[in-house]
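Everything below concerns the one structure shown next.
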Amino acid sequence: MITVQSLSHTFKIGKKGKEKKIEVLKNIDFQIQQGEIITIVGKSGSGKSTLLQTIAGFMKPDSGSIKVNNTEIANFNEKQSAAFRLDNFGFIFQNFQLLPNQNVFENVELPLKLKGVQASIRKHNVKIILEKVGLTDYADHYPNELSGGQQQRVSIARALITNPPIILADEPTGSLDSQTEKEILELIQQLNKIDNITFMIITHDEEVAQIADRKLRMHDGILLGDVKHVI
Ligand SMILES: Nc1ncnc2c1ncn2[C@@H]1O[C@H](COP(=O)(O)OP(=O)(O)OP(=O)(O)O)[C@@H](O)[C@H]1O
């Protein structure tokens, strides 16, 4: 489903002429099969978020290939990346990234609006997805009226609303207490098992890594293979 080959990226920081180079992705190769949950662990600064941002098309790599279902996306321009994202990727972030002045319904509805889906279909689909994440009674609530776990459910609903085959998650339970984390991980596993959604999850957290079919580790810009027994 996703095949990454020889992916490399270097950030240049500082003044021109005196730039410092940070090689953040060094010749990364890996694949994700449809229906898998993979986690990527690794120390802070090892390049995990950069890898995710690159796959998502938010950042262009210096070199290498990223294929999603045989479509080469590494060299897409911004417009192509945005369109591809909308159809193929859902996102879950540690800090939820909900719009504070939009209620739950409106936050979840947004990707459908961006896709130009008509209002009656939007309403129908949002209702179904809110049921799925257990938030039917909260459609009118604003993010600041919800618990952290509820906010993360809203962001999961928003990620799912366009039926993407892949969810990219960056520390999805990083802001949650352990009980709420458990509930969100159960939801992720349920979505994976029942709807065959593929998850690529960046995490520091042993509990999260436990739900993975495969655990990969980033170390100084290098992606190490399966690390089933090491965290
Ligand atoms: N836009 C940028 N410009 C310059 N350097 C950057 C930029 N983004 C990230 N870096 C650097 O790239 C390296 C990798 O960062 P990245 O955020 O990918 O690491 P990470 O493994 O996700 O870390 P964390 O677990 O703390 O989120 C770090 O040294 C960081 O300072």
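Counting DSSP beta bridges in segment 101-231, what percent are antiparallel, to the nearest 5?
Looking only at bridges with both residues in segment 101-231, the antiparallel portion is about 40 percent.
Relative contact order (percent) for segment 91-154, with alpha-carbon contacts under 8 angstrom and 6 or more residues of separation?
For segment 91-154, the relative contact order is 48 percent.
Compute the separation of the alpha-carbon centres of segment 1-36 and segment 172-231 and state it in Å as a whole number.
Segment 1-36 and segment 172-231 have Cα centres separated by 21 Å.
State the extension gain, in nm to one decimal, for the chain segment bounded by residue 20 and residue 140, taking 0.36 nm per residue of separation less the distance between their alpha-carbons.
On the way: separation 120, 0.36 × 120 = 43.20 nm, distance 4.91 nm.
Here the segment from residue 20 to residue 140 would lengthen by 38.3 nm.
In segment 2-224, what percentage of the DSSP-assigned beta bridges are antiparallel, given to the nearest 5? Mind showing how you got there, number by number?
Values: 19 of 37 bridges.
Percent antiparallel among DSSP bridges in segment 2-224 is about 50.
Order these peptides, 182-191, 115-124, by their mean beta-carbon neighbour count within 10 angstrom, highest first. Each step should come with its number before you reach the end.
Details: 182-191: 16.7, 115-124: 11.3.
Taking the mean over residues of other Cβ atoms within 10 Å, the ranking is 182-191, 115-124.
How would you rank 130-139, 148-157, 67-76, 211-220, highest first, on the average number of other Cβ atoms within 10 Å across their residues? Working shown, then result.
Values: 130-139: 16.3, 148-157: 22.7, 67-76: 14.1, 211-220: 18.3.
Ranking the peptides 130-139, 148-157, 67-76, 211-220 by packing returns 148-157, 211-220, 130-139, 67-76.
Report the gain in length on full extension from residue 84 to residue 147: 0.36 nm times residue separation, minus Cα-Cα distance, nm rounded to one decimal. Can you show the working numbers first?
Details: separation 63, 0.36 × 63 = 22.68 nm, distance 3.16 nm.
Result for the pair: 19.5 nm of gain on full extension.
Out of the total accessible area of segment 2-224 (probe 1.4 Å, heavy atoms of protein only), what percent is carbon and sulfur? Mind showing how you got there, number by number?
Details: 5170 of 11130 Å².
Carbon plus sulfur share of accessible area: 46 percent.
The values are calculated or read from the model by the stated rules, or taken from the named source; none is laboratory data. Note that this is a predicted model, so its numbers are computed, not measured. As a convention, Cβ positions derive from the backbone with ideal geometry for all residues, glycine included, and neighbour counts pool all protein chains shown. Note: areas computed on protein heavy atoms with side chains; ligands, DNA, RNA excluded. Shrake-Rupley method; radii C 1.70, N 1.55, O 1.52, S 1.80 Å.
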